[in-house]
Structure formats: C-alpha cells, structure tokens
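**Student:** Dropping a structure here in structure tokens format, bear with me for questions.
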Amino acid sequence: MILLQDVKKSYFSKNNTVHALKKVNLHIRRGEIFGIIGYSGAGKSTLIRCINLLERPTSGKVFVNGIELTSLSEKELRKSREKIGMIFQHFNLMNSRNVFKNVAYPLRGKGLSKDEIRDRVFSLLELVGLKDKAYSYPSQLSGGQKQRVAIARALANDPEVLLCDEATSALDPQTTQSILRLLKDINEKLNLTIVLISHQMEVVKEICNRIAVMENGEIVEEGNIVDIFSNPKANITREFIASAMHYDKIYEILDRDPFIRDLSKDDVVAKISFVGQNTGQAFISKISIEYRIHASILFGNVESIQGVPVGNLIVHFTGENEKIQRAIKYLEDSGIKVEVIKSDGVIEFSDAKRNRAIS
C-alpha cells in the first residue's frame, strides 16, 4: 500500500542544514497497522507527513496504492490525498462548528445531496460511538471524544490509508486504550491501512502488526512486533522495550535489595526471556530438578503481544557454578534467551563461547 524509496528530507537555513530523513526505505502492506516509534527529533513526524506529501521530500519517491505521489501535479495530488486520512495529537477540530459540521466538512463540493451527507456523517459517528454528540461543540467534549470526531472526519472520504500522528499523546492511559481499540476495530471492519507514530512502545505494542524504530532520521530496526519485542537488536529498541516492560524498575529494586548485593561466589541472577509456548515456569522446575540447583523467581511478567505470550523472569540461581552453566546452556539450546544480570563469580556464556565477569 505504501512504498518509500530513498526518501530524504532536509531543512535549509542561512546558517544551518538539518537532515531530518536520511535515505529512508519503507514498505507498508495493505490492511496492516504499522507503527513508527522514536524519540522526539528522530524524524518520525516528518516521515509520516512525507507519506501524504504535507512535507515534500528533498529527494526520493513515495508511492501510495501504486501511485507515485512525488510525480503528481498539485491538482492530481489533492485528488490522491482524499484517499489518505490523517489525525493529529491535538485533534485540529473547528471550534466554531458542531460535531456534525466538523465531520461533514471534507464532503463539501463532492456533489452530494444533503440527505447523502447526513447519512454519511451519522454512519461515521455511529462507527466511532458518538452519534448522540452530533450537535455538540468541541468545547463540550472530552479529549477522547474529540479524537473520535477527528477519526470520523478523517474517514469521511472513504480513505484507503489513515495516518495517525501521535494521535494518543494528549490522552490519559484509559482513553488511549479506548482509541487504540477503535483504530483496531476500524482496521478490521474497513481493511484500512493504518500508520501510527508514537514515542511510546506501550502504544505500538497494543495494535501494531509491524513496527519501524527511528533514530536520527534513519530506520535502525524494522520487523514483526513479536520479533522486535523478543529479540531487539538496536540499542534504542532495547531502551524502548525496557521502558515498556518496566525493566528499569526491576534493576532499581535489584540494586537496592541487600539479598542481591550479598550473593555468594557461585550465585547468579539472570533475566530469562521466552516467546510463545515456551513456559518459563516449567523450565525453571525442570532445571532445578535435573541440574540440582535452586532457581528462585524474583520477578516475572508475561505480555500478550498480538496474541503471542512474551515472558520475562528474573531468576536467582544457587548451586555449583558448573551446574548453573549447564542449566543456562540447556535453556539457550531450548530457544530461551538468558541474560546474566549479576554474578560475583565468572560464568561461561554458551552462545559467545567466552568467559565474562559480571560486576
């Protein structure tokens, strides 16, 4: 549905040049919900605005549904943009118009009768759950209701693509969840391709099929959301996931816990990560019995991402160092990722074939 080829965007001033996008290549499939995540200044807002050419790339090509937007005249581009809806962080509603007139606004000049416009508007308001607010004004609505109006307006021209520019950033967590559920429902009912940008991994993990991670104007990692969560490669991706899974809090607790600080020579604390049907608790029981070590779960959580369980456990191993090494190798050979967090001794990592001291 969307194809970006070698897209660059630079901003020039008398004293400075800012390269917001650096040769970005991206392929977004028809009917999927695609997330773009990055910190402020990463280039994600510029990227999404290049998809509908609100920002024209300095170089490169943009295709939407097989049409090269970057080659169109202004008149042709305006026509193509009708099939690309967009919603924003701050809703961008017209305060002087009621909900009905806000949603009807994109339909002006389309040759529709008043009855046709009325039917279309009320159909959209029913879709977003706001049929009873048709004659209310934006000032009378909550933040979540305003965003639902913005979504209805964006759908007025029956678009094939919906671009969401930080669409939930101004909303509280509960309202964010309701808007994400609405977007997923719209995606399924209308087979609408949705591109969602955010600086919050909690948002993209809720509904996105695939994601791209941006840093300094470049895509540093891209893939299936489950693969990204279970095996992040870029440092920035690990940071996002650590925040979403609250690993930073775990490490703070570990650092403060006197029990952890007073590990004996052969004790090891490790983070065990598993995906899908690999149940961490069952493996913990198995290695405790088979390798005659004590494995105590200190912390644990399991996230359901696109219906796939992704689990993480913080485990304290007590026993002979050689037996702990064998147990860890068994876990790794079983497709379970093991990251040693703390050990006062030295442990051999089977995947790296090396010894490493953990301080």
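**Student:** Would you check if E303 is at pLDDT below 75 and under 29 Å from K205 (Cβ atoms)?
**Tutor:** So E303 does not fit the description; no.
**Student:** Continuing with this model, one more query. I need the full set of residues from region 236-273 which are in contact with a Ser or Thr (Cβ under 8 Å, 6 or more places away or on another chain) and at pLDDT 70 or above, in order please. Please lay out each step first, then the result.
**Tutor:** Here is the first cut: in region 236-273, the residues in contact with a Ser or Thr (Cβ under 8 Å, 6 or more places away or on another chain) are 263-264, 266-269, 273.
If the condition is that a residue be in contact with a Ser or Thr (Cβ under 8 Å, 6 or more places away or on another chain) and at pLDDT 70 or above, then S264, D266, D267, V268, V269, S273 are the ones that fit.
**Student:** N15 - would you say it is in contact (Cβ under 8 Å) with a residue 12 or more places away in the chain, surrounded by fewer than 22 Cβ atoms within 10 Å (Cβ to Cβ), farther than 24 Å from L180 by Cβ and among the polar types (S, T, N, Q)?
**Tutor:** no
**Student:** Moving on. Just wondering, is there one or more residues in region 38-55 that are modelled with pLDDT of 95 or more, assigned by TED's automatic domain parsing to the domain that holds S169 and loosely packed, with under 15 Cβ neighbours inside 10 Å?
**Tutor:** No, every residue in region 38-55 fails to be modelled with pLDDT of 95 or more, assigned by TED's automatic domain parsing to the domain that holds S169 and loosely packed, with under 15 Cβ neighbours inside 10 Å.
**Student:** Inside region 227-236, can you point out the residues that are over 11 Å from the mean Cα position of the chain (by Cα) and within 19 Å of E206 (Cβ to Cβ)?
**Tutor:** Passing the criteria: D227, S230, P232.
**Student:** For residues that are part of a helix (DSSP H, G or I) and in contact with a strand residue (DSSP E or B) (Cβ under 6 Å, 6 or more places away or on another chain), scanning just region 300-330, find the one that is nearest to K265 (Cα to Cα). Walk me through how you get there before you give the answer.
**Tutor:** Filtering region 300-330 down to residues part of a helix (DSSP H, G or I) leaves 321-330.
Retained after the next criterion (residues that are in contact with a strand residue (DSSP E or B) (Cβ under 6 Å, 6 or more places away or on another chain)): 324-325, 328.
Working: I324: 12, Q325: 14, I328: 17 Å.
Only one residue tops the list, namely I324.
**Student:** Here is a further query. Out of all the residues in region 92-107, which are surrounded by fewer than 21 Cβ atoms within 10 Å (Cβ to Cβ) and assigned to a loop (DSSP other than H, G, I, E, B)?
**Tutor:** Scanning region 92-107 gives N92, M94, N95, S96, R97, N98.
**Student:** Continuing with the same structure: Tell me which residues, restricted to region 128-151, are in contact (Cβ under 8 Å) with a residue 24 or more places away in the chain, part of a helix (DSSP H, G or I) and within 24 Å of the chain's Cα centre (by Cα). Talk me through it step by step, then tell me what you get.
**Tutor:** Within region 128-151, the first condition is being in contact (Cβ under 8 Å) with a residue 24 or more places away in the chain, and the residues that meet it are 128-130, 133-139, 141-144, 146-151.
Next, only the ones that are part of a helix (DSSP H, G or I) stay: 133, 138-139, 143-144, 146-151.
Correct list: G143, G144, K146, Q147, R148, V149, A150, I151.
The values are calculated or read from the model by the stated rules, or taken from the named source; none is laboratory data. Note that the structure is a prediction, hence the values are computed from the model and not measured. Neighbour counts run over all protein chains shown; Cβ positions are idealised from the backbone, glycine included.
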